[in-house]
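**Student:** Have a look at this one before I ask anything.
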Amino acid sequence: MLKALVKLTLPALLLTSAGLQANQAGSTLETVKEKGFLSCGVNTGLPGFSSPDDKGKWSGMDVDFCRGLAAGVLGDANKVKYIPLTAKERFTALQSGEIDVLSRNTTWTLTRDASLGLNFAGVSYYDGQGFMVSKDLGVTSAKQLDGAAVCIQSGTTSELNLADYFRTNGMKYQPVVFDTSDGTAKGFDSGRCDVLTSDQSQLYALRLRLSNPGKAVVLPEVISKEPLGPLVRQGDDQWFNIVKWSLSVMINAEELGVTSANADKMRSSANPSIKRLLGVDGPKGKGMGLNDDWSYQVIKQVGNYSEVFETNVGEGSPLKIERGLNALWSQGGILYAPPVR
Amino acid sequence: MQKEMIEARTPPIMTVGALAWIKGNLFNTATNCLVTLVIAYGLFALIPPLIQWAFIEAVWTGESSADCTADGACWAFVNARLDQFIYGFYPPEHTWRVDIFFVQLAVVLAWLMIPAIPGKKYGLVYGLVAMPITSWIVLSGGMLGLTPVDTHDWGGLMVTLVLAMYGMLASLPIGVLLALGRRSEMPVVRTFCTVYIELWRGVPLITVLFMASVMLPLFVPEEIVFDKLIRAMIGMVMFQSAYMAEVVRGGLQAIPKGQQEACDSLGMGYWKSMLLVVLPQAVRMVIPGIVNTFIALFKDTSLVLIIGLFDLLSIVQAGLNDPVWLGTSTEGYIFAALVFWIFCFGMSRYSQSLENKRQEH
């Protein structure tokens, strides 16, 4: 019997030891370079931000940000290992070193920035809670929603924001609560509520799930601030800078009109800003421990902010989200990146 | 006077055949008439539209949900992603290894389940000892010239079956040991087993999975990264063994004390009497309970979606979030439910046939 016991437990022990991997401590940049790929925490599935296609290839805005980072650091946008994370485990995964960067539609708030031992490296998408109503209702503003039945996902910040908004405006509402965002769309579709509320980026995706997307409209009001951005661990300033500037380079590239298509031609541009952006001149990769052409690789392999936005959530995608707040500061939005010099 | 024999007449049509059955079972009292009519109307109202939706107007192939213009089901979604639902993100050029895993599992199950195939003892040893090892080698590679495939790339039905298989194979022996331990006369062993069983039965599986996925990495040094799938697997095995232990203990309690005493008088030791006399009877007695635990375990594997592992259900959910396939959630969930039902129903039918056989003897 003892032998049988050993026979039974041995495979279990073997399995356990096979699962143990040595994870090099030290600077994140060195770790990433040594293992040869970037571990990127993404959402398990959010339309336009991160989702696997039928070939298992991940795509979306959050995914493209990681691809850009990998292009800059390793010179190859495809050297990314995507770790799908749920909302509850995302911070632990970063804290414990399982991932190098968290790019998972995470709202930048004071608590998260101050008490988790993590740093937000910028804002990659300005989101905000909005409302979707049925066209038949004839409503043009959220202020007209007094007494409405509102479909909402339980346990989200949206639920709290909604209560705040209706209280401050002295209006009443009747919540119709679902546990998944898909449920809210189904509830709205079947007429159980007049209004559906969620983050605006998701409202557009939810609208596509309706049996007749044309009969619903998204109201212009945004009742909360949800700046989404990538996070890194505190205490590794070099890596923090790299992540921060990868994002800034994408935004600056849009501002200067550099795209993945014209990046090669732009290298010989006479504009000193473009030269600095593409690492032909100026600070290049020094000080961050990267190759001189790192920013060129980001733009060449992934593209500028506008390209990433339009292919994943904008005109080139089924979601068709407008730029809105996410337009450049010079075009009516608030997207603004410090200069490369 | 009648001189000839009257030919046998057919009985009145209301007393034999389908009509009689209907009259005797469906319309025998006023209440039954009413119930029958209501149910018949319900079926009539439900089934034709369902068939219309699921088959007649369904779209079977397409590139995106935009191709599903008809009112029917959009099976094109399931069709386009079937490979992913089965293999997850396993590299396409290596999916034959997953097929080997499936075939091995099917062969071993058939070996053990079909009475006509001889050598059950060897089948059992192979299934309990060799299969877990060979499956792991084939799936994760890194040996015998097989390219290593990270568990991170595993997904879909394959992960569901891997979790269920290892969970079942490990929880049954551990559960038996725990059950024996709880009935042991050695105080340390008994206390340990009792505390273990009560502790694990006292927490929900979700908590266990969260502990394994969220807390464990914080406790161990940063240099050690446990594989997430293995973490979840260990958590599930520990949890299910506690339940299994209680099921087996129920069987042990039902065995009359005389059996044990008879063994003692024959001079059998503890293990011999347990293995040859008590356990075979006890385990046979609680087959329904064991299968019940297995079915629960099989369905519980889908809980790993809350820790970001892609089992069958969560890979379907991930597919639903592909912008190209928005609006196909009903079809996706029906597919997942159907697969789970087929497996669970199969298990429950098999346990029923085992029980029937036991009663015949």
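**Student:** Give me the aspartates and glutamates in straight-line cross-link reach of A:LYS275: C-alpha distance below 15 Å, same-chain residues under 8 apart excluded.
**Tutor:** A:GLU254, A:GLU255, A:ASP264, A:ASP292, A:ASP293
**Student:** Can I ask one more? May I ask which of A:LYS143/A:LYS215; A:LYS55/A:LYS320; A:LYS57/A:LYS143; A:LYS186/A:LYS225 have a Cα-Cα span longer than 31 Å here?
**Tutor:** Pairs exceeding the cut-off: A:LYS57/A:LYS143.
**Student:** Give the Kirkwood hydrodynamic radius (Å, one decimal) of the stretch B:165-242, defined as one over the mean of 1/r across all pairs of different Cα atoms.
**Tutor:** One over the average 1/r among Cα pairs gives 13.5 Å for the stretch B:165-242.
**Student:** Starting from the Cα gyration tensor of the stretch B:80-360, multiply each eigenvalue by 5, take the square root, and state the resulting semi-axes largest first in whole Å.
**Tutor:** Square roots of five times the eigenvalues give 36, 23, 19 Å.
**Student:** In percent, what relative contact order does chain B have, based on Cα pairs under 8 Å that are 6 or more apart in sequence?
**Tutor:** Value for chain B: 17 percent.
**Student:** Which whole-Hz ³J(HN,Hα) couplings does the stretch A:68-79 yield from phi under the Karplus relation 6.51 cos²θ - 1.76 cosθ + 1.60, θ = phi - 60°, glycine and proline marked x?
**Tutor:** So the J values, rounded to whole Hz, are x, 4, 5, 4, x, 7, 10, x, 9, 5, 8, 8.
**Student:** Separate question: Enter the Cα centre distance for the pair the stretch B:102-142 and the stretch B:307-361, rounded to the nearest angstrom.
**Tutor:** Rounded to whole Å, the Cα centres lie 22 Å apart.
**Student:** Right, something else. Of all beta bridges DSSP finds with both residues in the stretch A:129-218, what is the antiparallel percent, to the nearest 5?
**Tutor:** Around 50 percent of the beta bridges assigned by DSSP in the stretch A:129-218 are antiparallel ones.
**Student:** Give me the compactness ratio for the stretch B:18-108, meaning the Cα radius of gyration over 2.2 N^0.38 Å.
**Tutor:** On the way: Rg = 22.7 Å, N = 91, 2.2 N^0.38 = 12.2 Å.
So the stretch B:18-108 has a normalised radius of gyration of 1.86.
**Student:** Moving on. So if I place +1 on the C-beta of Lys and Arg and -1 on the C-beta of Asp and Glu, and nothing else carries charge, what would the dipole magnitude of chain B be about its Cα centre? I want it in debye, nearest 20.
**Tutor:** On the way: 21 positive and 25 negative charges, 342 e Å.
So the dipole magnitude of chain B works out to roughly 1640 debye.
**Student:** For a Förster distance of 22 Å, can you work out the FRET efficiency between the beta-carbons of B:LYS272 and B:LEU354, rounded to the nearest 0.05? Intermediate results must be reported in sequence, preceding the final value.
**Tutor:** Numbers: r = 25 Å, r/R0 = 1.15.
For R0 = 22 Å, the calculated efficiency reads 0.30.
**Student:** Shielding by partners for B:232-239, please: the mean number of other protein chain Cβ atoms within 10 Å of each residue's Cβ.
**Tutor:** That works out to 1 on average.
**Student:** Under a plain spin-label model, where a point goes 7 Å from the Cα along Cα-to-Cβ, how far apart in nm are B:TRP341 and B:ASP264?
**Tutor:** In this crude label model, B:TRP341 to B:ASP264 measures out at 5.2 nm.
**Student:** Starting from the Cα-Cα distance between A:ASP292 and A:SER190, subtract it from 0.36 nm times their residue separation and give me the gain in nm to one decimal.
**Tutor:** Between A:ASP292 and A:SER190, full extension yields an extra 31.1 nm.
**Student:** Oh, and also: Give me the distance in nm between label points sitting 7 Å out from Cα along the Cα-to-Cβ direction at B:THR69 and A:GLU30, one decimal.
**Tutor:** Spacing of the two 7 Å Cα→Cβ label points: 6.1 nm.
**Student:** Would you please give the FRET efficiency between B:LYS120 and B:MET211, computed as 1/(1 + (r/R0)^6) with r the Cβ-Cβ distance and R0 = 60 Å, to the nearest 0.05?
**Tutor:** 0.95
**Student:** Take B:GLN253, project a point 7 Å from its Cα along the Cβ direction, then tell me which residues of the stretch B:181-201 have their backbone nitrogen under 20 Å from it.
**Tutor:** B:181-187, B:189-201
**Student:** Quick one: which residues, 5 or more positions from A:ALA216 or on another chain, have an amide H under 5 Å from its amide H? H modelled 1.01 Å from N in the peptide plane, none for Pro or chain starts.
**Tutor:** A:LYS135
**Student:** Would you mind getting me the FRET efficiency between B:ALA106 and A:LYS320? Use the beta-carbon distance for r and R0 = 41 Å, nearest 0.05.
**Tutor:** Given R0 = 41 Å and the Cβ-Cβ separation, E is 0.30.
**Student:** Restricting to the protein assembly as shown, what percent of DSSP beta bridges are antiparallel, rounded to 5? Before the final figure, lay out each step's value.
**Tutor:** Numbers: 22 of 41 bridges.
Of those bridges, close to 55 percent are antiparallel.
**Student:** Oh, and also: Order these by the 10 Å Cβ neighbour count, fewest first: B:TYR243, A:TYR204.
**Tutor:** B:TYR243, A:TYR204
**Student:** While we're on this one: Short version: what are the Cα gyration tensor semi-axes of the stretch A:129-218, square root of 5 times each eigenvalue, largest first, in whole Å?
**Tutor:** The answer is 18, 15, 11 Å, longest axis first.
**Student:** Follow-up. Dividing the convex hull volume of the Cα atoms of the stretch B:156-297 by its residue count, what figure in Å³ per residue is obtained?
**Tutor:** Measuring per residue, one finds 129 Å³ for the Cα hull of the stretch B:156-297.
**Student:** Can you say what percent of the DSSP beta bridges in chain A, counting only those with both residues inside, are antiparallel? Round to 5.
**Tutor:** Restricted to chain A, the bridges split so that about 55 percent are antiparallel.
**Student:** Follow-up. For chain B, which cysteines have no second Cys with its Cβ under 4.7 Å from theirs?
**Tutor:** B:CYS33, B:CYS193, B:CYS263, B:CYS344
**Student:** Rg and Dmax in Å for the stretch A:265-312, alpha carbons only: what are they?
**Tutor:** 11.6, 32
**Student:** Another one. How much space per residue, in cubic angstrom, does the convex hull of the C-alpha atoms of chain A take up?
**Tutor:** Numbers: hull volume 62.2 nm³, N = 341.
Output value, Cα hull per residue: 182 Å³.
**Student:** For B:ARG201, project a label point 7 Å along Cα to C-beta. Then give me every residue of the stretch B:232-263 with its amide nitrogen under 16 Å of that point.
**Tutor:** From the stretch B:232-263, the list is B:238-254.
**Student:** Near the amide H of B:TRP75, under 5 Å away, which other amide H atoms are found, from residues 5 or more places off or on another chain, if H is placed in the peptide plane?
**Tutor:** B:VAL59
**Student:** What does the charge dipole of chain A about its Cα centre add up to, to the nearest 20 debye, if the Cβ of each Lys and Arg holds +1 and the Cβ of each Asp and Glu holds -1?
**Tutor:** So the dipole magnitude of chain A works out to roughly 500 debye.
**Student:** Calculated from DSSP H runs of 4 or more alone, at -39500 (n - 2.57) each and per residue, what is the 222 nm mean residue ellipticity of the protein assembly as shown, nearest 500?
**Tutor:** Value at 222 nm, helices only: -16000 deg cm²/dmol.
**Student:** Sequence-distant or interchain residues sharing an amide H contact under 5 Å with A:TYR173, placed H: which?
**Tutor:** Those qualifying (amide H under 5 Å, at least 5 residues apart or on another chain) are A:GLY147.
**Student:** Further question on the same structure: Could you order the peptides B:229-241, B:47-59 from most to least packed, using the average number of other C-beta atoms within 10 Å per residue?
**Tutor:** On the way: B:229-241: 22.6, B:47-59: 13.2.
The most tightly packed comes first, giving B:229-241, B:47-59.
**Student:** Related question: Output wanted: per-residue J couplings in Hz (rounded whole) for the stretch A:101-112, from phi through Karplus 6.51 cos²θ - 1.76 cosθ + 1.60, θ = phi - 60°, x for Gly and Pro.
**Tutor:** 8, 10, 10, 9, 4, 9, 6, 7, 10, 4, 4, 5
**Student:** Relative contact order (percent) for the stretch A:129-218, with alpha-carbon contacts under 8 angstrom and 6 or more residues of separation?
**Tutor:** After rounding, I find 44 percent.
**Student:** Can you tell which of B:LEU276, B:PHE27, A:ASN78 lies farthest toward the positive end of the dipole of the protein assembly as shown, using +1 and -1 charges on the Cβ of basic and acidic side chains (Lys, Arg; Asp, Glu)?
**Tutor:** Toward the positive end, the furthest listed residue is B:LEU276.
**Student:** Based on the alpha carbon coordinates of the protein assembly as shown, what radius of gyration and maximum Cα-Cα distance (Dmax) apply, in Å?
**Tutor:** 31.0, 129
**Student:** Between A:THR157 and B:PHE55, what is the spin-label point distance in nm, taking each point 7 Å from the Cα along the Cα→C-beta axis?
**Tutor:** With each label point 7 Å from Cα toward Cβ, the separation is 5.0 nm.
Taken together, the values in this text are just the output of simple stated rules run on the coordinates, not laboratory data. If you're wondering where the values come from, they're calculated on a predicted model, not measured in any experiment. Quick reminder, even Gly has a Cβ in these numbers, built from the backbone with ideal geometry, and neighbours come from all protein chains shown.
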